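Everything on this sheet refers to the single structure shown next.
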Amino acid sequence: MTAIDDFFTHYYARRPVNATFTGVHTYDDRLPDWSPDGLAAMDGEMRSLGEALAREYPSPASVGAFRNNPDLLDAELARGFLEVQRAENASLHGPRGNPALWTGEATFSIIALMIRDFAPPEARADVAEHRAKRTGGFLSRHVGTPVPRRWVDRAARDCEGAAVLLADGVRRWTAALDLSASRATDVLNAAAGASRCLSEFADSL
């Protein structure tokens, strides 16, 4: 495997919601690990990947080299992404501080499973239920660092929208999937639990 292959392996595994939206469904039942230890491990991986990309694909002396070797451009873009991501993670603008990232990630983790017919209905219901049940554990890892009021307000608005999505939205979705009554109830109960977790998180901010 090349360093570019390793980059994408890292990218999808550490960003499972992004993976779902992209069409990579290996991690559909997961949420990212944004705990202090998880972010530290992610930062270490990104640092190592940047170094590996630099060794395997040194930056060319001129932009003309990119025309002859597309992998060089891919590597340059990957390195740039990793640098920006590490800088964001090191600040309060990233998951170490901004609560709106957490509420958005939790909400969109379910939306990503609802908007595409990528698998049979039962399979999509299963992963949606798993993600919903993991919402509380995910949000509990947020470190309550003081943040700007506008970030708190954005997170609160996310939670208000999520309450609608996780109630009426999921009810309509399970009906459209034509699940059995008992299976639909399981998904709705998990969604209701996720909604409560989001509401409690908003209150804690």
Exercise for the section: Go through the residues of the stretch 1-11 one by one and say whether even a single one is part of a loop (DSSP other than H, G, I, E, B), open to solvent by 20 Å² or more (accessible area, probe 1.4 Å) and either polar (S, T, N, Q) or modelled with pLDDT of 95 or more (or both). Expected result: yes
Exercise for the section: Filter the stretch 3-19 for residues that are among the β-branched types (Val, Ile, Thr) and touching a Leu at 6+ places or on another chain (Cβ under 9 Å) and give the result. Expected result: Ile4, Val17
Handout entry: Criterion violated by Phe81 - all others in (1) assigned to a loop (DSSP other than H, G, I, E, B); (2) of a type in the set (Phe, Trp, Tyr); (3) open to solvent by 60 Å² or more (accessible area, probe 1.4 Å) satisfied
Key = (1)
Fill in the blank from the handout: For the stretch 111-138, the count of residues that are assigned to a helix (DSSP H, G or I) and open to solvent by 10 Å² or more (accessible area, probe 1.4 Å) equals 12
Fill in the blank from the handout: From the option list Thr103, Thr20, Thr26, single residue qualifying as at pLDDT 95 or above, within 16 Å of the chain's Cα centre (by Cα) and open to solvent by 50 Å² or more (accessible area, probe 1.4 Å) is Thr26
Completion exercise
How many residues of the stretch 161-184 are of a type in the set (D, E, K, R) and loosely packed, with under 13 Cβ neighbours inside 10 Å? The answer is 3
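The values are calculated or read from the model by the stated rules, or taken from the named source; none is laboratory data. This one's a predicted model, so the numbers in the text were calculated from it and none came from an experiment. Heads up, the Cβs are rebuilt from the backbone with ideal geometry, glycines too, and the neighbour counts pull from every protein chain shown. Side chains included, ligands, DNA and RNA excluded: accessible areas come from the protein's heavy atoms. Shrake-Rupley method; radii C 1.70, N 1.55, O 1.52, S 1.80 Å.
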